[in-house]
There are 2 protein chains.
Amino acid sequence: MTRSADRMARIQPFHVMALLARARELEAAGRSIIHMEIGEPDFVTPQPVIDAGIAALQQGHTHYTPAVGLTALRERIAVFYRERYQVTIEPERIVITPGASSALQLVMSILVNPGDAVLMADPGYPCNRNFVHLLNGEPRGIPVDASTAWQPTPEQVQAYWDGKVAALMLASPSNPTGTLLGEQDIRRIYEIVREHGGHLIVDEIYHGLTYGSAAQTALAVSDDIFVINSFSKYFGMTGWRLGWLVAPGSSVAELDKLAQNLFLAAPTPAQYAALAAFEPDSIAILEARRDEFRVRRDYLLPALRKLGFEIPVTPEGAFYLYADCSRFTDDSYRFSQQLLEAAGVAITPGIDFGSYYPERHVRFAYTTSLENLEEGVRRLADFLRGTSD
Amino acid sequence: MTRSADRMARIQPFHVMALLARARELEAAGRSIIHMEIGEPDFVTPQPVIDAGIAALQQGHTHYTPAVGLTALRERIAVFYRERYQVTIEPERIVITPGASSALQLVMSILVNPGDAVLMADPGYPCNRNFVHLLNGEPRGIPVDASTAWQPTPEQVQAYWDGKVAALMLASPSNPTGTLLGEQDIRRIYEIVREHGGHLIVDEIYHGLTYGSAAQTALAVSDDIFVINSFSKYFGMTGWRLGWLVAPGSSVAELDKLAQNLFLAAPTPAQYAALAAFEPDSIAILEARRDEFRVRRDYLLPALRKLGFEIPVTPEGAFYLYADCSRFTDDSYRFSQQLLEAAGVAITPGIDFGSYYPERHVRFAYTTSLENLEEGVRRLADFLRGTSD
């Protein structure tokens, strides 16, 4: 029997994977399943980006790039920050990574010693805490709820900070709740973090997918914040595995050294393809998709509320609705299982996102067509009628 | 100033990167540089593999795959083990990873607690020890030299094992020495590792690039060995970032859980492209390239010996020659710098590979054309004549 390092007991599998496996079984047996559990856009990568990837392969771009990425791509991202956010970022501070996951790993690895704590919202993206477990650190959840739009407040950050805390991680828009932090909120929190001599990491991987006012980057607050972003969500490039990190200038040499060791470089064809992601024809496609996501949200949110799910804060970003299902169940995991078996609708139970009342919540992803969402809501309505009989 | 976790002081940058940066400077200023420091094949990915990657993109394969990889690719690799090694591997034991680097990280992460030691040959591939540092473990070098073909002996493994050791890592063919371990050597070492209740990890990323008898996989010895392989070297797919891991069946669930968290999945276009890497037309190209590497080795090895470099064991694999340069210098790093500045030849100093007499050694990579190697040898000869004047 293979030994298992201690961290493995602290790293939980995604519970939704068991549901997904069951959904695939049911589909293989001929059942129709409406997928509202999936955290990636249903759209294929925009054609101009695909075309750029094909052109790169035709030109034989199959060797390693530098560990921190293609210079042209780092420069293009810097232009993007200037155009979209009116923020100046030196290209040297941008590190291209194999997905935002690797960006997060780089940052955690240079900041966290064994035993150090990292603060983060609960509920939150499950991998965040597991990157801290990987390094034998302690992820410490700050319980958040609808009363603060599911985001930690400056007062909470102050209260949860102690001598063990090395860093705070924020996410805006948040997964699973889709809520944002304003620039002033980030500024107030950043000031508290700096007073404690800690570091602030901000996950902006759902930037671009916002349906009210555009989100401002945390880099507008300070150069001394680690910002993680990705080509996966807004840019629709999940399978290419490409993300980036903007870091304080003083830490770039350390990040470069670590990137050389941990992953050598991000995928080359993806980096060339991504150069086309910022072009007007790509952006036009992406903005049309954003409009489509908004239409889906604007359908699904009131439909779920009408069925009796409580979603007190209107999510302004990402493609998730985090819904209180306590009117129907006191066990959201069992509820998700039953919904799948009885009605063929797959959703994600709260337990994947933390330990603060997960049994009362489920996450709906609107990463499927409006037609599918409508069918899903019909099935949900029937299912809920059945369980309340 | 950004804090730096303790591990960052233990993770050394690759010293060759400074030389490489200087080489690029010289090239930008118009100097001709012969590159014999680069650890990737100079060949572009075989055209049938590129074509398969293009076809995958045209078909819109841009979404995530399962964390452990495409089922079709895992099955194809299992067939490869049967055909090439006459070894039966269940596809379920094969985990597709974003490069061999990620495979190594997965294995280390499930085996190594902070403070645990991992044994490995010194000299050896520098990232190996840094993956152990990442987890706050202790990489412990076993000093090896030409007397044992640069490989640890069973007696050494026995002598270096103590209560802190969790695992032993072997590499065959080895980087930087190009030497192999025979099946019987691996078997004897495996038995010692198991007696101690430890685990054996074998790096086989240079398999396929051998110039004598074909290397046998360590999986012929036991199912209970972690074997790391890659599409980068023999298959010529460095920039695509794709590798794989064959693991004991009992650890696959843990590896899957960790892969979901650390990197979500390997790049999708690369996985589809790799399906074509095993086809006869690709293999024909790869075998012709192997012949070309052999021609280069057969030129460079005697040429370097004639110049006065000592290479007592003929390397049978990879594309490296690890040469004793003590006839010319007692500081191989300074020697490498001077060779670059004075003669425009870039090589890798021993210090990147460990602490066992690195100052006496340099690594030559024959990842450039025979014409370039000939020019490099001419420049080396002139340089050595100059320094001996």
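The values are calculated or read from the model by the stated rules, or taken from the named source; none is laboratory data. Owing to the predicted nature of the structure, the values given are computational and were not obtained by experimental measurement. A quick note on method: Cβ atoms are made from the backbone with ideal geometry, for glycine too, and the neighbour counts reach across all protein chains shown.
With respect to B:R379, is the statement that it is within 21 Å of B:Y206 (Cβ to Cβ), in contact (Cβ under 8 Å) with a residue 24 or more places away in the chain and basic (K, R) true?
Judged against the criteria, B:R379 is not a match.
For (1) surrounded by fewer than 24 Cβ atoms within 10 Å (Cβ to Cβ); (2) out of contact with any helix residue (DSSP H, G or I) (no Cβ under 9 Å at 6 or more places or on another chain); (3) of a type in the set (A, V, I, L, M, F, W, C); (4) within 13 Å of another protein chain (Cβ to nearest Cβ), each residue gets a yes or a no:
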| position | (1), (2), (3), (4) |
| --- | --- |
| B:T177 | no, no, no, no |
| B:H196 | yes, no, no, yes |
| B:Q260 | yes, no, no, yes |
| B:L286 | yes, no, yes, no |
| B:R289 | yes, yes, no, no |
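Counting only residues that are of a type outside the set (A, V, I, L, M), crowded, with 18+ Cβ neighbours inside 10 Å and without any contact (Cβ under 8 Å) to a residue 60 or more places away in the chain, how many does the range B:161-175 have?
Final tally of qualifying residues: 1.
Tell me, which helices (runs of 4 or more DSSP H) lie completely within the range B:88-202 with 3 or more residues that are over 28 Å from A:F263 (Cα atoms) and modelled with pLDDT of 95 or more?
Those helices (runs of 4 or more DSSP H) span B:154-160, B:183-195.
Just to be sure I understand the filter: pairs with C-beta atoms under 6 Å, separated by 6 or more residues or on different chains, first member in the range B:262-289 and of a type in the set (F, W, Y), second member part of a loop (DSSP other than H, G, I, E, B). Which pairs pass?
Sorted first by the residue in the range B:262-289, then by its partner, the pairs are B:F263/B:P98; B:Y272/B:H61.
Looking at B:V79 and the list (1) free of Cβ contacts under 8 Å to residues at least 12 places away in the same chain; (2) surrounded by fewer than 16 Cβ atoms within 10 Å (Cβ to Cβ), which single condition is not satisfied?
Evaluating B:V79 over (1) free of Cβ contacts under 8 Å to residues at least 12 places away in the same chain; (2) surrounded by fewer than 16 Cβ atoms within 10 Å (Cβ to Cβ) leaves (1) as the failure.
Quick check on the range B:44-56: of everything there that is assigned to a loop (DSSP other than H, G, I, E, B) and facing another protein chain (nearest Cβ under 9 Å), which residue is surrounded by the fewest Cβ atoms within 10 Å (Cβ to Cβ)?
Filtering first and then ranking leaves B:V44.
Scan the range B:368-378 and give yes if some residue there is under 22 Å from B:N130 (Cβ atoms), of a type in the set (S, T, N, Q) and in contact with a strand residue (DSSP E or B) (Cβ under 7 Å, 6 or more places away or on another chain), otherwise no.
No, the range B:368-378 has no match at all.
In the range A:234-257, how many residues are within 21 Å of A:V112 (Cβ to Cβ), within 7 Å of chain B (Cβ to nearest Cβ) and not acidic (D, E)?
The number of residues fulfilling the criteria is 4.
Hey, can you tell me all the residues within the range A:218-232 that are assigned to a loop (DSSP other than H, G, I, E, B), surrounded by fewer than 24 Cβ atoms within 10 Å (Cβ to Cβ) and more than 9 Å from chain B (Cβ to nearest Cβ)?
The answer is A:V221, A:S222, A:D223, A:I225.
Write out, first by first residue and then by second, each pair whose Cβ atoms fall under 7 Å of each other, whose residues are 6+ apart or on separate chains, and whose first residue, in the range A:1-17, is more than 7 Å from chain B (Cβ to nearest Cβ) while the second is of a type in the set (D, E) and not in a loop (DSSP other than H, G, I, E, B).
A:H15/A:D352; A:V16/A:D352
Step by step: first the residues of the range A:329-375, then only those that are in a loop (DSSP other than H, G, I, E, B) and either in the same structural domain as A:N175 (by TED's automatic domain parsing) or not hydroxyl-bearing (S, T, Y) (or both), then the one that is nearest to the chain's Cα centre (by Cα). Which residue is that?
A:G354
Looking at the range B:106-159, which of its residues are polar (S, T, N, Q), surrounded by fewer than 22 Cβ atoms within 10 Å (Cβ to Cβ) and more than 9 Å from chain A (Cβ to nearest Cβ)?
Within the range B:106-159, B:S147, B:T148, B:T153, B:Q156, B:Q158 meet the criteria.
Would you mention how many residues in the range A:57-73 are crowded, with 22+ Cβ neighbours inside 10 Å, more than 9 Å from chain B (Cβ to nearest Cβ) and either of a type in the set (S, T, Y) or in a helix (DSSP H, G or I) (or both)?
Number of matching residues: 1.
With the condition kept exactly as written, say whether any residue in the range B:269-284 is modelled with pLDDT of 95 or more, at positive phi, assigned to a loop (DSSP other than H, G, I, E, B) and more than 14 Å from chain A (Cβ to nearest Cβ).
No: the range B:269-284 contains no residue that is modelled with pLDDT of 95 or more, at positive phi, assigned to a loop (DSSP other than H, G, I, E, B) and more than 14 Å from chain A (Cβ to nearest Cβ).
I'm checking my understanding of the structure. Among residues of the range A:312-328 that are part of a loop (DSSP other than H, G, I, E, B) and either among the charged types (D, E, K, R) or crowded, with 24+ Cβ neighbours inside 10 Å (or both), which one is farthest from the chain's Cα centre (by Cα)?
Step by step, filter the range A:312-328, then rank; the result is A:R327.
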